[in-house]
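The values are calculated or read from the model by the stated rules, or taken from the named source; none is laboratory data. Just so you know, these numbers come straight off a predicted model, no measurement behind them. Reconstructed Cβ throughout: ideal geometry from the backbone, glycine too, with neighbour counts over all protein chains shown.
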Amino acid sequence: MKKIVVSILLILALIAPLLATGTQEVDENAPVTIEFWTHEDANRQKLEDRYIEEFTKTHPNVTVNVTRQSANKLIELVQSAFAANQGPTMFNLSIEDEYQYISAGRVAQIDYEAAGYSDAKDVINSYAPKMLEGVTLDGKVYGLPLELTNWSIFLNKKVFRDAGLDPEKDYPKTWEDMVEISRKLIIREGDILVRRGYDFRYGYYLVNNVPMVEQLGGALFSEDGKEAIVGEKAWIEFLTFMKNWGPNGENLGSPTYTAARKLFNKDNNDIAMCTTGLYQEARILNDNPDFYNSGEWMVVPYPKFKNAVKDVAGCYYGHFYMVNSDADKATQKAAWQLISYMLSHGEEYLVNVGIIQPTIELLNSETYKNMPYSDVFTGDFARGHIVYYGAASAEIQALIRTSVEAVMLQGVDPKQAYLQLKTSAQELIDEQ
Amino acid sequence: MKNKNKTFSIERKQARWGFSFTLPCLLFFSVFSFYPIVNAFFTSLTNRMAVQRTSEFIGFDNYIYLFTKSNGGFSLMNSMRATLTFTIGTFIPMVVISLILAVFLMQLRHPKSKQFFQLAYYTPAVLSSVVAAAIWLILFDPRGLFNQFANTLTFQSGHDFLWLVNNEMLQASTMIVYFWKYIGYFVILFITGLAAIPPAIYEAATVDGSNRWKTFWRITLPLLKPTVVLVSIMAMLQCLKTFSTQYMFHQGGAARQPIDVITMNIYFTGIRNGRLGRASAMSIILFIIMLILTYFQFAVSKSDDVEY
Amino acid sequence: MNKFIGKHTVGEIIIWIFLILVLLFTLTPIIFMFTASFMDPRQILSMPYSWIPSTKFFTPVTLNDGTGTTIPRTFLTNFHKAIYGNNNNVIFLRNLLNSLIVAISCSVSTVLLGSLCGYGLAKFRFKGRTFVFMAIMATMMIPFEAIMIPLYMVTSSLKMIDSYRGLIIPFLVSAFGVFQMRQYLLTFPSEYLDASRVDGLGEFKIYWKIVLPNCTPVIATLGILSFRNQWDNLLWPLLVSQREKMKTIPLYITKFSEEKQTDEGALMAVALLASIPMFILFFTLSRYFLGGAAVYESRKG
């Protein structure tokens, strides 16, 4: 008797969630709720909150609930939510994390009319060439860019001068320069680095380090996409360079120290250079206005190897606003209207947050041209290409991270790390 | 119904009461534990990906994959190694040292000092794991306290012990943090067990001429066996389920491979990479490992039970 | 064990040294957290660590209101940053309250449900008793990461996402709680129960009026442990709490160690503040915690 009761309970528990369903209704002026998930950014938040308030005033039937999470966490949360079919109405992630939503049909095509365009071509033509490649599939566009960003090298002039260097002349133009200059800039106590010259932006290998391999003649994938980690010599050279950089080599930096870009704004004489984007300028102004106004910082282009066969700058990546295709039509429409309203303030985003919405209009504007060092970023944009956003991009990045850490932190031989990387990456590709 | 009345007895009534007392919990566990794990099992037989709408039944392919391929560089084999190393390296010292500490504390003259030490040892457990991780990441920073401390101990200066860098050091670091956090808890468990042994036994032993050492080995330890078994199983299970320490360290910049315990692999494979089918298979495997090890420990301890 | 009496022996001294070394190991990081929370971040990572917060390292602090004004740093600046966060809204208090609500609810429910179930398993014979017990124990071996997503799906189909119910209900009772109560109640003298039955008390009243009040030490221990486990829960609130005002303390702390900024001083201040409720609870109720005769003494009669 008891066993039967227990079994019935178990079966009920199994079935119950299946019975719970949601219903959807379509009605023009019915109240609409938009769940908007985005990543945290203090500067951007101020603008967003204002735009949302203005939008809801003119669209009183719309309620917008904003959820902000850290960028890393947001990736996982959006994915989990979609796995449970409870994804947010609209969200933005970096394209390499977003692409799978497009290929799985989870996000909706732009409601061109709601967004203020006549059709797909109209959208594509409003933006600089190739900017919407990542979100265009079969001629349909699935997202609008919140930002397209690339990273160059920020430099603290005071630290350079402190080491007897002239920032305007002696800034690193090649990766070999970077090593040499770092040697001069470094202050150590025993083995421990108290001041670093430059340190890499560890973790973002697809954006920041794959171009180094490409400069040496290697590539992430072959032309036909069948082979992974192409160019043995280039990859081994890259891994050897990283090994030399780390604690088991010349000890110029390491992933285990505080990230360079987090220290840069403080102007604390503990870092001279870091890799980051145009948005950093707004952050410097916010965190340390004295430093910003003193002009004791500058931006220089992405270095290349002395014997580089190709000139490739850091990759650019983009965040795109996308809309959940499971939302009902009325909600989708409202979402695209909101997105397009927010994005109509390109110049404000540029000046206050330092992010570039690559509409042709903005890139030609005076505001853009007047942003300090925007020409450096533009130059690097032209030299670079979009980050790899295809399938398994997160896993490939994790693999590269493993091999870099293996040679830097665990003393693994670069050739061995390369072979391991190649095998694992090939396995990933073969699965697709 | 007439039949029921005839056989109605106090025992049956009590049995029904007993069962109904357990009902609320059963209901709860059905919905929030049994259903999810059964669901996870079924998911492990598919190729479900987080973002895809549909998935296919692929039988035991996930399991075969996990034992033969590298799962994007983070193989199950490596995770098992990492988990096993961590568990053994942590739970054995924890059980041994907490037993030693408990025994020492029981011998102190003043009960107040015993209480003070217990409180003090337990304090780290009171902190949340996020807090503990935050503190230790700063302590293990190359410029942090632990390097300075180790340098003083070994009469050097400026030597970076590479706490979060070197393969072995990284694993050791996670073990240190975990040990630090839970040692007090197990000390308390052992003291509870030790206190349950009637003092009369010790007096009898002293009268019989036994010294401290012999008393410990021949009397205390055997009588403590149920507690030791309980503590060992709990410590082992806890170590097998470890997650936040390794996760926090990895988020703080450390490499993943040396400390890629199974739970972390499940998390990254499922939640980060979206491979729900494969992650579920890993969870089932971990579940089975835990069941086996617990059963094994129980079986080994069932032999020679001591009563007094 | 025999306590030390009479002369101090070498053995006793060695024991004391060992105990104190472990004590230092245990307490140093906590003292570190305490001192670091008053320091400027630059001092925290300076070598050698100077233990005493000093104004020598103080740098002016930029206000986060966008105007760029700076104010001089004080010893309490870190705490100010901790409480007011980045956006000058005191969400910290709300998060603290959330954690309290969730932790208290879960510990109360765990004690009640766990004791009820443990009582049923310990003192009543019914068919399938062992099966039920084993099944509940087996749930202790289910790693949370394994059931995270299915649990998330259950919670969202019950429409509990982003609410207190969603944070509390999946943790109403733990198998560990059932186990503790059962083990304790196994040794509860059955004579009392039988006597009460003879007196005509209903089964539930027996549980409520006789059994429960006599379990105080176990209840206290279980309550404190459940509270602590819920206070510490990071992964689940991460999935379930979406709006800022539903987040719990561990999430708040991780915000401080995130991408954009590392302010070790503020991080330690947040850590300290977040630990205070647990410290208070722990120290006031410590007598229930500590091992020793107390556990067995409190039983009436």
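Across the stretch C:124-137, the qualifying residues are those that are at the interface with chain B (Cβ under 7 Å from one of its Cβ atoms) and assigned to a helix (DSSP H, G or I), and the one among them that is nearest to the chain's Cα centre (by Cα) is C:I136.
Among the residues making up the stretch C:218-246, those that are within 20 Å of A:A81 (Cβ to Cβ), facing chain B (nearest Cβ under 10 Å) and either among the acidic types (D, E) or in contact (Cβ under 8 Å) with a residue 60 or more places away in the chain (or both) are C:N233, C:L235, C:L239.
I'm trying to understand the selection: among the residues of the stretch A:104-118, which are within 14 Å of another protein chain (Cβ to nearest Cβ) and either in contact with an Asp or Glu (Cβ under 7 Å, 6 or more places away or on another chain) or farther than 12 Å from A:G87 by Cβ (or both)? Correct list: A:G105 only.
Could you list, in sequence order, the residues of the stretch C:120-139 that are surrounded by 18 or more Cβ atoms within 10 Å (Cβ to Cβ) and of a type in the set (A, V, I, L, M, F, W, C)? Once the filter is applied, which keeps residues that are surrounded by 18 or more Cβ atoms within 10 Å (Cβ to Cβ) and of a type in the set (A, V, I, L, M, F, W, C), the stretch C:120-139 yields C:L121, C:A122, C:F124, C:F126, C:V132, C:F133, C:A135, C:I136, C:A138.
Take residues that are at the interface with chain B (Cβ under 8 Å from one of its Cβ atoms) and at pLDDT 80 or above and tell me which of the helices (runs of 4 or more DSSP H) falling wholly in the stretch C:247-294 contain 2 or more.
C:249-256, C:264-284
Scanning the stretch B:36-76 for residues that are among the β-branched types (V, I, T) and within 27 Å of the chain's Cα centre (by Cα) returns B:I37, B:V38, B:T43. For B:I100, the conditions (1) of a type outside the set (S, T, N, Q); (2) within 7 Å of chain C (Cβ to nearest Cβ); (3) in a helix (DSSP H, G or I) all hold with the exception of (2). Every test in (1) crowded, with 21+ Cβ neighbours inside 10 Å; (2) away from every other protein chain (no Cβ under 14 Å); (3) of a type in the set (A, V, I, L, M, F, W, C); (4) touching a residue at least 60 places away in the same chain (Cβ under 8 Å) is passed by A:F221 save one, and that test is (1). Against the conditions (1) among the hydrophobic types (A, V, I, L, M, F, W, C); (2) facing chain C (nearest Cβ under 9 Å); (3) under 30 Å from B:G184 (Cα atoms), B:W17 satisfies every one except (3). Scanning the stretch B:109-123 for residues that are within 7 Å of another protein chain (Cβ to nearest Cβ) and either in contact with an Asp or Glu (Cβ under 9 Å, 6 or more places away or on another chain) or among the polar types (S, T, N, Q) (or both) returns B:R109, B:Q115, B:Q118, B:T123. Counting only residues that are surrounded by 22 or more Cβ atoms within 10 Å (Cβ to Cβ) and assigned to a loop (DSSP other than H, G, I, E, B), the stretch A:173-201 holds 2 of them. The helices (runs of 4 or more DSSP H) located wholly in the stretch A:327-419 that include 3 or more residues which are under 30 Å from A:N61 (Cβ atoms) occupy A:329-343. Just one residue in the set A:A115, A:A81, A:A128 is modelled with pLDDT under 90, buried (at least 20 other Cβ atoms within 10 Å of the Cβ), touching a Ser or Thr at 6+ places or on another chain (Cβ under 9 Å) and under 23 Å from A:L350 (Cβ atoms); that residue is A:A115.
Scanning the stretch A:47-62 for residues that are within 14 Å of chain C (Cβ to nearest Cβ) and exposed (fewer than 14 other Cβ atoms within 10 Å of the Cβ) gives A:D49, A:R50. If you check C:I253, C:I206 for being in contact (Cβ under 8 Å) with a residue 12 or more places away in the chain, touching a helix residue (DSSP H, G or I) at 6+ places or on another chain (Cβ under 6 Å), of a type in the set (A, V, I, L, M) and closer than 15 Å to C:Y119 by Cα, only one passes: C:I206. Selection over the stretch B:24-43 of residues that are touching a residue at least 60 places away in the same chain (Cβ under 8 Å) and at the interface with chain C (Cβ under 7 Å from one of its Cβ atoms) gives a count of 2.
Is it the case that some residue within the stretch B:66-79 is assigned to a helix (DSSP H, G or I) and touching an Asp or Glu at 6+ places or on another chain (Cβ under 9 Å)?
Going through the stretch B:66-79, the residues assigned to a helix (DSSP H, G or I) turn out to be B:66-68, B:76-79.
Okay, now just the ones that are also touching an Asp or Glu at 6+ places or on another chain (Cβ under 9 Å), so B:78-79.
Yes, the conditions are met somewhere in the stretch B:66-79.
Pairs linking a residue in the stretch B:210-236 that is among the basic types (K, R) to a residue that is surrounded by 18 or more Cβ atoms within 10 Å (Cβ to Cβ), with Cβ atoms under 9 Å and 6 or more positions apart or on different chains, are B:R212/C:M1; B:K214/B:A205; B:R218/B:A205.
Here B:I92 meets the list (1) closer than 30 Å to A:A406 by Cα; (2) within 14 Å of another protein chain (Cβ to nearest Cβ) almost entirely, failing just condition (2).
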